[in-house]
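Let me begin by presenting the structure, written as structure tokens, before commenting on it.
Rule-based calculations on the coordinates, nothing more; no lab input. This is a predicted model, so every value here is computed, not measured. When we count neighbours, we look across all protein chains shown, and the Cβ atoms used for this are built from the backbone with ideal geometry, even at glycine.
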């Protein structure tokens, strides 16, 4: 039996290594000479298998995510296309994203730990699991976790200029000083208790919630990104939260 040829992502002709170089995707399963393979590029094996299985074949139903057992059970040569199959590398990235979302946080944490170690971060396994649960929906590859979650492990060394210009106002330093005192007074530093206390303080002072929260996020993260603010503070802890507020007040005056 002959399966369909794999065709270029764009244009005519068979898929080649040059296409991978041009579009920035691997064409080998493993490292080959100077070319990174799918493994080294951060693709999960099950995602690549699922993607490849659907090139030139379909199960006859509207289903794309399938386990190896399902692929084996459903595969039928009669459902293989006679024409070539276009190699849609963006679809492979989509498959990788889907499999990352399905993977237990504990397994993802085990894959992320070596990346943290390379960054000089020594974090507890439980903390890594928690952070992954809060951020994994935003990634396509495990390696991307560091860029979107580094602030959980290390304080920002600088502040995004555009965010500072937009979010840090003339009275932000004074408001953050008051917020520091509000948070410092808390004995229970749970996300819920923090949020309730801070929101009550904002109402009592007549402040604009957006102004306070935007400056607070900038102090914690260094830019305007990240999950729920009080989930971040709960994970990094009271001492680190207060330290970051003080640093921002000094740096952004």
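Some notes on this structure:
- Paramagnetic label zone (point 7 Å from Cα along Cα-to-C-beta, residue 189; backbone N under 14 Å) in the stretch 231-253: 231-246
- Label zone at residue 181, where the point sits 7 Å out along the Cα-to-Cβ direction: the stretch 213-253 residues whose backbone N lies under 13 Å: none
- Cα gyration tensor shape of the stretch 6-100, rounded if a/c is under 1.5, else prolate or oblate by comparing a/b with b/c: oblate
- Shape of the stretch 103-152, Cα gyration tensor, a/c cut at 1.5: rounded
- Rounded to the nearest 10 degrees, the inclination of helix 105-118 to the longest alpha-carbon principal axis of the chain is 70 degrees.
- Applying the Kirkwood pairwise sum to the alpha-carbon positions of the stretch 166-248 produces a hydrodynamic radius of 12.6 angstrom.
- Here the simple spin-label model places points 7 Å from the Cα toward Cβ, and for residue 34 and residue 12 these points are separated by 3.1 nm.
- Value of relative contact order over the stretch 161-251, rounded to a whole percent, pairs C-alpha under 8 Å and six or more apart: 41
- Length added when fully stretched, residue 200-residue 135, from 0.36 nm per residue minus Cα-Cα: 20.6 nm
- Over the C-alpha atoms of the chain, the Rg to Rh ratio, Rh being the Kirkwood estimate, stands at 1.12.
- Order of 189, 125, 51 under a 10 Å beta carbon neighbour criterion, fewest first: 125, 189, 51
- Normalising the average separation of contacting C-alpha pairs (under 8 angstrom, six or more residues apart) by the number of residues puts the relative contact order of the chain at 16 percent.
- Choice from 182, 164, 203 showing the highest fluctuation, given a GNM over the chain with Cα pairs closer than 10 Å: 203
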